[in-house]
Amino acid sequence: MTAIEIQDLTVRFGRRRALDAITADFGTGVHGLLGPNGAGKSTLMRVLATLTAPSGGSVRLLGHPSSDADLRPLRREIGYLPQEFGWYPRFTAREFVEHFGWLKEVPAAELMPAVDRSLRRVGLGDRADEKLKRLSGGMRRRVGIAQAIVNDPRLLLLDEPTAGLDPEQQDEFRELLRELGRDRCVVLATHLMGDAEACDRVLVLDAGRPVFQGTPAELADGGKLADGYRAVLGASRAGAA
């Protein structure tokens, strides 16, 4: 099933064009968004999360236009971790994830089992009752991931999910990504090649424009992924000069 259908997507903020004529389809699996700072990754994630409206073109999510008047049914099927997310210092990890499960209308009878399961999946089952203010930045990031998956979403959007995680935690998270991508669409924005290597496909953006779509192996082109990524950006900028 095609979970995301993007056709000629453009987003403008005043005179600045943040996204320019993006066309792409994402199905089941793990999809990476790569690009330098300011490339438009977070803007695209906000469009997919139905938080930023397109200026032009169209987006369909799980078969529904993102322009639907009532987005609540669609949003119940989406999990989203923004690059920066607000957290409540007095909440415990369990209370924070429970709050977001309630916002996402997880049925009451299923809510606490879903909360506990989400925290265990990110390795925080034994820290569930600690206040967020006492957790490290990396642990709070994992709490953010837990809230994104508490509703068992069909579409999971993660913006820089491994920021603040140590190398071992990053490896564990990438295993979780592969597991989650077996039966749903997962999209992550990242600048880390290790995250990109865990993806089934990648979309490279530069200055709001798509400059590569394909597998990590195709991007690496027989060499290192980082070298292939730099080569794609270099070719794009040379062509625009």
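The values are calculated or read from the model by the stated rules, or taken from the named source; none is laboratory data. Remember, it's a predicted structure, so these values are computed and weren't measured experimentally. So basically every Cβ, Gly included, is an ideal-geometry build from the backbone, and we count neighbours across all protein chains shown.
For this structure, a couple of remarks:
- For A163, the stated conditions do not hold, so it cannot be described as buried (at least 21 other Cβ atoms within 10 Å of the Cβ), touching a residue at least 12 places away in the same chain (Cβ under 8 Å) and under 19 Å from the mean Cα position of the chain (by Cα).
Okay, residues lined up against (1) within 28 Å of H64 (Cα to Cα); (2) modelled with pLDDT of 95 or more; (3) under 19 Å from the mean Cα position of the chain (by Cα); (4) of a type in the set (D, E):
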residue: Q170; (1), (2), (3), (4): no, no, yes, no
residue: L177; (1), (2), (3), (4): yes, no, yes, no
residue: V186; (1), (2), (3), (4): yes, yes, yes, no
residue: L192; (1), (2), (3), (4): no, no, yes, no
residue: L219; (1), (2), (3), (4): no, yes, no, no
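- The one condition in (1) touching a residue at least 24 places away in the same chain (Cβ under 8 Å); (2) out of contact with any Asp or Glu (no Cβ under 8 Å at 6 or more places or on another chain); (3) more than 19 Å from G29 (Cβ to Cβ); (4) not hydroxyl-bearing (S, T, Y) that D227 fails to fulfil: (1)
- Which listed residue, of F85, F96, is out of contact with any strand residue (DSSP E or B) (no Cβ under 8 Å at 6 or more places or on another chain), modelled with pLDDT of 95 or more and either in a strand (DSSP E or B) or within 16 Å of G138 (Cα to Cα) (or both): F96
- The combined condition, being surrounded by 18 or more Cβ atoms within 10 Å (Cβ to Cβ), among the hydrophobic types (A, V, I, L, M, F, W, C) and on the phi < 0 side of the Ramachandran plot, is not fulfilled by A217.
- Residue count for region 166-207 satisfying the condition of being crowded, with 23+ Cβ neighbours inside 10 Å and in a loop (DSSP other than H, G, I, E, B): 2.
- Residue list for region 31-56, filter: in a strand (DSSP E or B), crowded, with 17+ Cβ neighbours inside 10 Å and of a type outside the set (A, V, I, L, M, F, W, C): H31, G32
- Output for region 132-149, where each listed residue is over 14 Å from the mean Cα position of the chain (by Cα) and surrounded by fewer than 24 Cβ atoms within 10 Å (Cβ to Cβ): L132, K133, R134, L135, S136, G137, G138, M139, R140
- Of the criteria (1) part of a loop (DSSP other than H, G, I, E, B); (2) among the small types (G, A, S); (3) in contact with a strand residue (DSSP E or B) (Cβ under 9 Å, 6 or more places away or on another chain), which one G123 fails: (3)
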